[in-house]
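Visitor: Sharing a structure below in structure tokens format, with a few things to ask.
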Amino acid sequence: MTVGINAKEYELILRDMGTEITVPKGKQLSQKNVYYLKRGVCALTYHTEKGDESSYLYFKSGTLMNFLRSIVHSVGIGTEITTKRILNVNHCIRTKTECTLLGIDGEKFMKCTEEYPELNKLLLRSVTENLINLLALSTGIVSRPAGSRVCQLLLDFMSDDTPPQFPRYLTYNEIAFHLSMHVITVTKIFKALKDQHIISKRGQGGTILNPERLRAIAHEEEELVY
């Protein structure tokens, strides 16, 4: 069994390569840098022609982000159709909370992967985690009930507080775009969760009153009628 290095050891390597920055909530990160998220939450987002923002992936502390363009520039892409798609990508990384990050120039990061094999492991782990999360999201959209998917998202972001909280940035619109459902459906699901005293919500954010039932609905052991 191979023992990997921990987050602090990654941070020590990356700190020598880049710069630590603190970025306010709601800011778009530069496309030319690779980032290691030390604190906070970021999201891979897409802006529609109407100006709406949709979040596809969320990133928490200990995550490497924004490396796709650097990889493509370094190793290329094997098929013409994928090359066309990457040129038309209108995605960016945006901070969902105030974040502390280590920013490293993308070209420099790729060169350093040759010097530090540990960075290759971090990069491979990050690519794998992103793929798994995207597969889970895509599979859930076509196979799981809407109530189950909303409850799973709340579980994923449930805090360790007593009672647990869910964050302010998980608005009805944010959840609807992320899970590919209508905002009215999200509103009805939250009303049912509140009426059954599973959560409480005032304004943005809220409290999870009954984590056990939330988990049962998320795992499709119980159906949420809304």
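Visitor: So for the pair Glu115, Asp195, with labels modelled 7 Å out along Cα→Cβ, what separation do we get in nm?
Guide: 6.2
Visitor: Same structure again: In whole percent, what relative contact order does the chain give with Cα contacts below 8 Å and a gap of six or more residues? Provide the component values of the computation, followed by the final result.
Guide: Numbers: 331 pairs, mean separation 46.5, N = 226.
After rounding, I find 21 percent.
Visitor: Rounded, prolate or oblate: which fits region 7-142 when a ≥ b ≥ c are the square roots of the eigenvalues of the alpha-carbon gyration tensor, with rounded for a/c under 1.5 and prolate only if a/b beats b/c?
Guide: Numbers: a/c = 1.56, a/b = 1.19, b/c = 1.31.
Taking the square roots of the gyration eigenvalues as a ≥ b ≥ c, region 7-142 is oblate.
Visitor: If you take the Cα Rg of region 144-218 and divide it by 2.2 N^0.38 Å, with N the number of residues, what do you get? Intermediate values should be presented prior to the final figure.
Guide: Working: Rg = 11.0 Å, N = 75, 2.2 N^0.38 = 11.3 Å.
Working it through for region 144-218, the quotient is 0.97.
Visitor: Would you list, by chain and number, the lysines whose Cα falls below 17 Å from the Cα of Lys27, excluding same-chain residues fewer than 8 positions away?
Guide: Reachable lysines: Lys38, Lys60, Lys96.
Visitor: A follow-up question, please. Stretch Ile77-Lys50 to full length: gain in nm at 0.36 nm per residue minus the Cα-Cα span? Numbers along the way, then the final one.
Guide: Values: separation 27, 0.36 × 27 = 9.72 nm, distance 3.03 nm.
Taking 0.36 nm per residue and subtracting the Cα distance, the gain is 6.7 nm.
Bear in mind that the values in this text are calculations on the coordinates, not laboratory data. Treat the numbers as computed from the prediction; the structure is a model and nothing was measured. Note that we place each Cβ from the backbone using ideal geometry, even for glycine, and neighbour counts take in every protein chain shown.
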